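What follows is calculated from the coordinates using simple rules that are stated; it is not laboratory data. For clarity, every value in this text was computed on a predicted model and none was experimentally measured. Cβ placement follows ideal geometry from the backbone for every residue including glycine, while neighbour counts extend to all protein chains displayed.
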Amino acid sequence: MEKNSWDITGELAAFFDEAAAHVPAEQRRVLQVLKIGEEFGEAAQAVIGVTGTNPRKGRSHSWRDVESEVCDVLVTAMVALHRLGVVDPAAFFAAHLEKTAARTLSVREA
């Protein structure tokens, strides 16, 4: 059976929890959420590198780099849902996405 993204991020979450078993569970959850911010920062740094707006570094990244960094943000956020203890993160996310999309897209219909 082929694994889906949620299966894989669940395995990553279990691995990270096992590797950090010496850290209290609540602290692991907090650190995982902070990790999302770290990954976002790397995505932002890549955008700055694409646009060449850091005069010290110039054009140091490509849009492909930005895409990869955004994927890292997504993976880290998915792992966070697992590590936060959400029983079925895939269903939780799907329901949240549906509500968010309905609220946002309703503007188009108005």
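Overview of values
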{"item": "Other-chain or far-sequence residues with amide H under 5 Å of His61's (modelled H)", "result": "Val50"}
{"item": "Listed residues Thr51, Thr76, Thr100, most fluctuating in the chain (Gaussian network, C-alpha, under 10 Å)", "result": "Thr100"}
{"item": "Whole-Hz couplings from phi, Karplus 6.51/-1.76/1.60, listed for the stretch 58-71; x for Gly and Pro", "result": "x, 7, 9, 9, 10, 5, 4, 4, 4, 4, 5, 5, 5, 4"}
{"item": "Dipole in debye (nearest 20) - the stretch 1-75, about Cα centre, beta carbon charges: Lys, Arg +1; Asp, Glu -1", "result": "460"}
{"item": "Order of Val66, Val79, Val107 - criterion: other Cβ atoms within 10 Å of each residue's Cβ, fewest first", "result": "Val107, Val66, Val79"}
{"item": "Local electrostatic count at Gly85 - Lys and Arg +1, Asp and Glu -1, tallied over other residues with Cβ under 15 Å", "result": "0"}
{"item": "For the chain: relative contact order, % (alpha-carbon pairs under 8 angstrom, 6 or more apart)", "result": "30"}
{"item": "For the chain, diffusion coefficient by Stokes-Einstein and Kirkwood Rh (Cα), 10 °C, 1.306 mPa s, µm²/s", "result": "99"}
{"item": "Residue order, fewest to most beta carbons within 10 Å, for His96, His22", "result": "His22, His96"}
{"item": "Fewest-first sequence of Arg59, Arg29, Arg103, Arg108 by Cβ atoms within 10 Å of each Cβ", "result": "Arg108, Arg103, Arg59, Arg29"}
{"item": "Those aspartates and glutamates that a straight Cα-Cα span of less than 18 Å connects to Lys99, excepting residues fewer than 8 apart in one chain", "result": "Asp88, Glu109"}
